[in-house]
1. Test V120 against the stated conditions and say whether it is among the β-branched types (V, I, T), over 22 Å from the mean Cα position of the chain (by Cα), on the phi < 0 side of the Ramachandran plot and at pLDDT below 50.
2. Regarding K271, is this residue under 30 Å from E143 (Cα atoms) and out of contact with any Cys (no Cβ under 7 Å at 6 or more places or on another chain)?
3. Hey, any hits in segment 37-55 for a residue that's on the phi > 0 side of the Ramachandran plot, surrounded by fewer than 16 Cβ atoms within 10 Å (Cβ to Cβ) and in contact with an Asp or Glu (Cβ under 9 Å, 6 or more places away or on another chain)?
4. What residue, of V439, V429, V406, is out of contact with any Ser or Thr (no Cβ under 7 Å at 6 or more places or on another chain) and crowded, with 20+ Cβ neighbours inside 10 Å?
5. For segment 269-283, enumerate the residues that are at pLDDT 85 or above, among the charged types (D, E, K, R) and under 17 Å from S426 (Cα atoms).
6. Just to be sure before I move on: is S243 surrounded by fewer than 21 Cβ atoms within 10 Å (Cβ to Cβ) and not in a loop (DSSP other than H, G, I, E, B) in the structure I sent?
Amino acid sequence: MHHQIWNNCLRVIKDNLKSETYKAFFEPIKPVSVKQNVLTLEVPTPFFYEYIEEHYVDLLKKIIRKELGPDAKLEYSIPVGKNTGQYRNTVIPGSNGMRNFVNPPVQVPVEPSIRNPFIVPGLKKLDIPSQLNFEYSFSNFVEGECNRLARSAGLAVSDKPGGTAFNPLFLYGESGLGKTHLAQAIGIKVKEEIPDKTVLYVNATKFTTQFTDARLKNDINNFLHFYQCIDVLIIDDVQEFISKQKTQSTFFEIFNHLHQRGKQLILTSDKPPVELQGIIDQRLLSRFKWGLSTELQIPGYQTRLSILKHRAYRDGIELSDDVLEYVAKNIVNNVRELEGVLVGLLAQATLNKKAITLELAQSTIEKLIKHTKRELSIDYILQTVADYFHIDESSVLSNTRKREIVQARQVAMYFAKQLTKTSLKSIGVQLGKKDHATVLHACRTVNDLMETDRRFKLQMGELEGKLTS
């Protein structure tokens, strides 16, 4: 029966896709079973179901529901390893890889209306989906020097949510370094070990949208009550609260309520709390600094290589050491780019029926570099500024207070802030082991000089041209 159902689906899929796409991504799929309106399909690697869920889930849902009815669901069976006979079943009900990690129903106050004799007066049961992505587990998070402290703190929090000094746990770093992954890994581990805890992951932008809707509907109390029910609240990208004063004030109330009751808060941001200058509510900013703030940094070569090996093993991709080493040496900015290159290699190899060779890796990365704006490094900025002012780089990094050297150091700090995504703390450490306050002072000094000294302003224009050309 399952063979017939899948053949019916394939006929429709074939009519809606290009021939090469159909052959690459749907011909390798095998139907396994149909039970209680759940169609199980065997796919060769996790990459297949990730790609299908991202690009073709809407088409699949329509076809499968037509075959099995409106309650139809889809399940993927993925081999653990070649010729092992073992499978890891991953239930994906048309949800782009999201899994519910079911929270227990919680009681929230409701306005008196028609009395329900089956519930306690004034209370109702509320089901809260956790919004966690099961792929973001600790087992898929590769540890390195760049994230060791953050990962250790995350494990401590997941073992005892709300019961450590790390509350809130504030994870910060540039985009693509694993903040969201680590934050969700904590939530997943809590749900696995303490299922009765109510865990919720939400992006700050989504939180702000919900708050705006609640204000328009005059429903702020219910909004507050909802978030005050959570045991472990994960807010991603809190820098999105910048300049949103009413959202900040409301989140301050939620933060206080949860913290005072021993609930756990986990926050992520692209900047440390001290650099969130658009957080107008200083009470909220001070709360961000209460627990532990820890940075996820750009991974070093060995960590990048470990990440690639882990992802390749997980997806069942066989790659030679020279390919892995070439990718690790040439993709240095973040984890997301690393994994993106790996997915791109697999897609090309699958579509073109080619092996993943060193030549294919070189060609793929060359195209990526051509289409990606070059990210300036602090070292390059230091070298350019030192050359321009005819000063040794070592002098710029020293503690000397000579006026011309102090100015060169301030200029380097200014351009590092303007032209890179590096945090102020990291800029200070790399340019003379200074703190973030010194970097802020340097930037203000350079701005003031450009407004009052025409010759200095021309020099800064020339330097910017050298750095960005």
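The values are calculated or read from the model by the stated rules, or taken from the named source; none is laboratory data. Just so you know, these numbers come straight off a predicted model, no measurement behind them. Backbone-built Cβ (ideal geometry, glycine too); neighbour counts: all protein chains shown.
1. yes
2. On the way: under 30 Å from E143 (Cα atoms): yes; out of contact with any Cys (no Cβ under 7 Å at 6 or more places or on another chain): yes.
It is true that K271 is under 30 Å from E143 (Cα atoms) and out of contact with any Cys (no Cβ under 7 Å at 6 or more places or on another chain).
3. As a first pass, look at segment 37-55 and keep what is on the phi > 0 side of the Ramachandran plot: 37.
Subsequent filtering for residues that are surrounded by fewer than 16 Cβ atoms within 10 Å (Cβ to Cβ) retains 37.
Subset that is in contact with an Asp or Glu (Cβ under 9 Å, 6 or more places away or on another chain): 37.
Yes, segment 37-55 has at least one match.
4. Numbers: V429 fails: crowded, with 20+ Cβ neighbours inside 10 Å; V406 fails: crowded, with 20+ Cβ neighbours inside 10 Å.
After ruling out the rest, the residue left standing is V439.
5. D270, K271
6. Values: surrounded by fewer than 21 Cβ atoms within 10 Å (Cβ to Cβ): yes; not in a loop (DSSP other than H, G, I, E, B): no.
Considered against the rule, which asks whether it is surrounded by fewer than 21 Cβ atoms within 10 Å (Cβ to Cβ) and not in a loop (DSSP other than H, G, I, E, B), S243 comes out as no.
Here's the yes/no breakdown for (1) modelled with pLDDT of 80 or more; (2) in contact with an Asp or Glu (Cβ under 9 Å, 6 or more places away or on another chain):
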position	(1), (2)
N333	no, yes
L368	no, yes
H371	no, no
S377	yes, no
I381	yes, no
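Quick grid of which residues meet (1) crowded, with 20+ Cβ neighbours inside 10 Å; (2) assigned to a loop (DSSP other than H, G, I, E, B):
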position: E253; (1), (2): no, no
position: W290; (1), (2): no, yes
position: T303; (1), (2): yes, no
position: Y313; (1), (2): no, no
position: A328; (1), (2): yes, no
